[in-house]
Amino acid sequence: MKLPAGKVPPKILEEVIFNYLGTRRKEVVVGPSYGLDGAVIEIGNKLLVTSMDPITGALERIGWLAVNINANDVSTFGVQPTFFSSCLLLPENTTEKTVKTICKQIDLSAKKLGIAVTGGHSETTPNLSFPIVIGCCMGVAEKGHYVTSRGAKAGNMLILTKSVGMEGTAILAADRHLQLARKIGKSTLKRAEDFFNHISVVKEALLAFRTGYVTAMHDPTEGGVAGGIHELAAASNVGFKVHEEKLSIAEETLRICKFFQIDPLQLIASGSLLIAVKKGFADKVVEVLEKSKIAAAVIGEFLPSKKRLIIRKDGHVEEVVKPLLDHLWLALEQKPKN
């Protein structure tokens with residue numbers, strides 16, 4: 001079976017990867033599972049939350065993204081990210097200037113989030129076309145003082161922060177700038193590239209968690225918001241229904257997705273946060289976020305059945321597509337149009 005671009009399919013995770021997990025240790029409180037973006041490890045009277053992700057599909061701000069994407073995963077546990085290490089894999093023709101650029105990006109983004117860079121590895125690697133940065137981020141929590149993406153319950157409400165497909169919008173605006181500028185204009189592209197500056201969800205994740213009403217959080221990355229909701233529901237063993245009219249999609253995202261003929265809901269969506277909240281308290285969580293100038297909306301609720309539904313603007317109800325691969329890859333594979 002040839003694997004698609006992007007994340008390994010859930011079937012391979014379940015049937016292969018999760019069957020080879022080394023020694024079982026009692027310190028591992030939360031281990032690998034579909035829909036979980038990190039682990040929780042008991043260290044004495046504290047908990048260590050750790051997550052790892054590579055950055056492979058972006059040429060611009062690769063170091064910036066490596067820190068922020070990994071920090072996002074830790075923060076979805078309701079935990080402040082505090083430590084970061086990285087592995088830099090570089091093409092054989094890489095210059096010192098490129099290494100410095102990546103390291104400066106890591107440094108600046110880590111300082112902004114209060115994260116210490118604790119080490120890592122760097123090398124030139126044969127047969128690479130572009131740099132790859134693999135990051136590992138960690139945070140420390142008190143016992144019992146965290147949530148996971150397994151915690152959503154039927155009847156919980158679902159909140160989405162910011163807008164759909166933010167990271168994919170920014171990546172395409174940067175990597176396909178010349179191609180897009182002719183069709184949608186430089187001013188639109190400049191606004192789209194600025195989405196990079198809103199990739200972090202650390203602030204909203206911690207604010208939401210501290211309300212005490214959150215049962216689960218998940219940041220939608222590959223597979224977009226559609227994939228993220230599916231992962232959250234699967235991890236929690238519930239269904240869901242979402243309302244299309246409640247989903248915020250920026251004009252820049254709509255125009256870029258129209259150009260490449262891709263679905264915004266299936267476009268990599270770092271910068272948004274999915275939050276499951278106890279019924280009756282969703283508006284309070286939205287209010288807390290909006291007081292800190294973080295856009296948020298209640299987009300649906302979780303169901304006791306396994307149905308995964310979207311209510312379209314015209315009232316039509318249909319199944320939410322579970323992405324087979326992120327639509328960023330579909331766009332990047334397209335040759336420039338004349």
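One Cα centroid belongs to region 95-139, the other to region 194-259; the line between them spans 26 Å. Using a cut-off of 13 Å between beta-carbons, work out the net charge of the residues near residue 330 (Lys and Arg +1, Asp and Glu -1, residue 330 not included). Value of the local net charge: -2.
Restricting attention to the chain, close to 75% of DSSP beta bridges with both partner residues there are antiparallel. For the chain, modelled as a GNM whose springs connect Cα atoms under 10 angstrom apart, the maximal fluctuation among 176, 24, 191 occurs at 24. Entry note, region 1-155: relative contact order of 30 percent, from Cα contacts under 8 Å with a spacing of 6+ residues.
Among 215, 124, 76, the largest mean-square fluctuation in a Gaussian network model of the chain, built with springs joining Cα atoms closer than 10 Å, belongs to 124. Residue by residue, region 142-150 carries 3J(HN,Hα) couplings of 6, 4, x, 9, 6, 10, 10, 6, 7 Hz when phi is fed to the Karplus relation 6.51 cos²θ - 1.76 cosθ + 1.60 (θ = phi - 60°); x denotes Gly or Pro. Here the peptides 196-209, 242-255 are ranked by packing, the mean other Cβ count within 10 Å, and the order with the highest first is 196-209, 242-255. For region 193-338, the Kirkwood hydrodynamic radius comes to 16.2 Å, computed from all pairs of different C-alpha atoms. The local environment of residue 104, defined by Cβ-Cβ distances under 13 Å, has a net charge of +3 under the rule Lys, Arg +1 and Asp, Glu -1. The residue 153 and residue 181 beta-carbon pair, evaluated with R₀ = 45 Å, returns a calculated FRET efficiency of approximately 0.45.
Using alpha-carbon positions, what is the distance between the centroids of region 299-333 and region 10-36, in Å? Between the Cα centres of region 299-333 and region 10-36 lies a distance of 26 Å. If the segment from residue 16 to residue 307 were pulled out straight at 0.36 nm per residue, it would be longer than the present Cα-Cα gap by 102.1 nm. Both numbers refer to the Cα atoms of region 189-238; Rg and Dmax are 13.5, 40 Å. Residues considered: 318, 42, 231. Largest GNM mean-square fluctuation over the chain, using C-alpha springs under 10 Å, is found at 318. Counted by Cβ distance under 13 Å from residue 292, the other residues give a net charge of +2, where Lys and Arg count +1 and Asp and Glu count -1. Checking the a/c ratio against 1.5 first, then a/b against b/c, what shape does the Cα gyration tensor give for region 1-72? Oblate shape, in that a/c is at least 1.5 and b/c is the bigger or equal ratio.
Shown in residue order for region 261-270 are the 3J(HN,Hα) couplings computed by the Karplus curve 6.51 cos²θ - 1.76 cosθ + 1.60 at θ = phi - 60°: 6, 10, 8, x, 6, 10, 9, 2, 10, 3 Hz (x for Gly and Pro).
Rg over Rh for region 10-142 works out to 1.01, both radii taken from alpha-carbon positions and Rh defined as the Kirkwood radius.
Rounded to the nearest 500, the helix-only mean residue ellipticity at 222 nm of the chain stands at -9500 deg cm²/dmol, with each DSSP H run of n ≥ 4 adding -39,500 (n - 2.57).
A short reminder: the numbers here are calculations on the coordinates, not readings from a lab. Computed from a prediction, not measured in an experiment: that's the story for all the values here. When we count neighbours, we look across all protein chains shown, and the Cβ atoms used for this are built from the backbone with ideal geometry, even at glycine.
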